[in-house]
Structures are given as C-alpha cells and as structure tokens.
C-alpha cells in the first residue's frame with residue numbers, strides 16, 4: 001500500500017484516507033493505483049460493507065500532482081482513469097467526506113460516490129478549461145444530469161471555485177458540517193450503512209446506477225481519449241509548466257495559437 005494512502009477497516013467500514021499534506025494531498029499515479037487496489041480488494045471482502053473516502057477536515061485533495069502529471073508519457077495508461085473505472089462500478093456503498101480543497105478529480109470522483117458530506121470550508125473546482133483540458137470522470141454526462149445543462153456549463157466552462165453551500169444546492173453534497181464535525185458525521189453515516197443488509201444495499205445501488213451505467217462507461221472512455229490528446233498538446237503543457245515555474249504562460253512559440 002502507498003504511504004500516502006492510508007486504509008483501515010473498522011465495524012464494516014473501509015476508510016481510504018488521502019494523506020500527503022506536504023503536497024496538499026496531490027495525487028500521483030502510485031496513489032491512484034493504491035486506491036484502485038483498495039477498492040478491488042474490498043469488493044469480495046465480506047468484512048467490508050461500506051467504503052469511506054476522505055482526506056482531513058481541512059483538506060481533501062488539490063487534484064493531480066502536476067510534476068507527476070507532466071512526467072507521464074502520452075502513451076502510458078492513466079492510473080487516474082483506471083481508478084475511476086474501478087470506482088464507478090464498485091458494488092458497495094461509497095461515502096465521501098470532503099473538507100478544504102477538492103480540486104479537479106477531487107470534485108469529479110464525488111460524482112461516483114453515493115453519499116457526500118462536506119465541511120463548511122470545502123472548496124470545489126473543475127479547472128480543466130483553465131489548464132487547456134476537457135472534463136474527466138464522465139462529469140460531462142453526470143454533472144448536467146445532476147445540476148442541469150446551464151449550471152453544469154457554468155462550472156465546466158469558467159472553471160471557477162465554488163463552496164459547500166453551492167455544491168449542496170446543485171445536488172452532489174448531502175449535508176454540510178462544521179470542519180470539526182465533518183469526519184465524525186461521515187463516519188457515523190458510513191457505520192449506519194454497514195449495519196444494513198449488504199445484499200439489499202448492493203441491489204439498490206445497482207438499480208440506482210442502472211440507467212446510466214453504459215453511458216458513464218462510454219463517456220469516461222471518450223473523455224479520456226480527448227483528455228490524453230490535450231495533455232500531450234503544447235497548450236496544456238505550457239500552462240502546467242508555467243504554473244510550476246510561477247510565471248505567466250507564454251504561447252508565442254505555439255504556431256497559430258491565439259489566447
């Protein structure tokens with residue numbers, strides 16, 4: 001198991017904690033592998049009835065680690081996509097507890113969780129257009145279904161951050177708690193789920209996702225194809241490199257580009 005992905009099982013709840021605070025819980029390829037492995041192992045494990053994904057009360061994840069992100073070759077498979085593919089078909093209930101920053105995949109992965117609890121300090125963002133990228137994690141399908149086309153377009157086009165109250169209004173946050181109460185509240189809800197008949201929960205979850213399952217799989221794949229092409233392109237590389245170097249992007253060397 002990766003040192004930055006901590007797992008514990010207690011009273012039927014598998015807690016998967018993102019713990020890389022020195023880097024704002026930014027996710028590396030190795031961390032995605034660890035989270036996907038934890039879910040794969042939890043599937044057939046009768047000791048696990050519910051999964052709780054969390055960071056800390058003041059920090060969920062800043063999204064992809066940009067250095068790790070830029071180092072990945074275009075032809076390499078994305079472990080982030082593999083993690084999402086496992087998450088979106090996971091049969092047991094998945095609960096998320098979100099405090100502080102939830103950027104990029106820190107927001108899109110929540111669309112595949114069954115219950116999401118947020119702290120008042122939660123800050124969500126879908127920054128893809130600002131990075132020269134496109135939506136991921138089937139968010140171009142799931143977000144409009146949840147929020148309606150116009151609100152989804154606003155969040156995905158402008159890529160501006162929004163808070164817990166807006167997230168609850170949109171519909172992908174169930175409850176908002178004080179930061180000091182977030183993890184306890186999420187753990188209590190996960191523990192309550194773990195006392196319910198597992199077969200009933202699994203069938204209920206399957207029925208809830210049945211109408212969109214095929215479309216989610218197809219959209220995730222199509223988004224990943226476009227995403228990989230854009231990641232390999234000069235615009236996104238310059239934006240990410242400029243961010244790491246703490247300077248403004250310079251697109252002058254990109255033929256035909258007009259900012």
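The values are calculated or read from the model by the stated rules, or taken from the named source; none is laboratory data. Computed from a predicted structure; not experimentally measured. Reconstructed Cβ throughout: ideal geometry from the backbone, glycine too, with neighbour counts over all protein chains shown.
The table below gives the values:
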quantity: Some residue of segment 21-44 being under 25 Å from residue 181 (Cβ atoms), in contact with a helix residue (DSSP H, G or I) (Cβ under 6 Å, 6 or more places away or on another chain) and surrounded by fewer than 23 Cβ atoms within 10 Å (Cβ to Cβ); calculated: no
quantity: Subset tally (residues that are touching a residue at least 60 places away in the same chain (Cβ under 8 Å), closer than 25 Å to residue 17 by Cα and more than 16 Å from the chain's Cα centre (by Cα)) for segment 133-180; calculated: 3
quantity: Tabulated pairs, segment 1-24, first closer than 13 Å to residue 58 by Cα, second modelled with pLDDT of 95 or more and not in a strand (DSSP E or B), C-beta under 6 angstrom, 6+ apart or interchain; calculated: 18/25; 18/55; 19/4; 20/4; 24/62
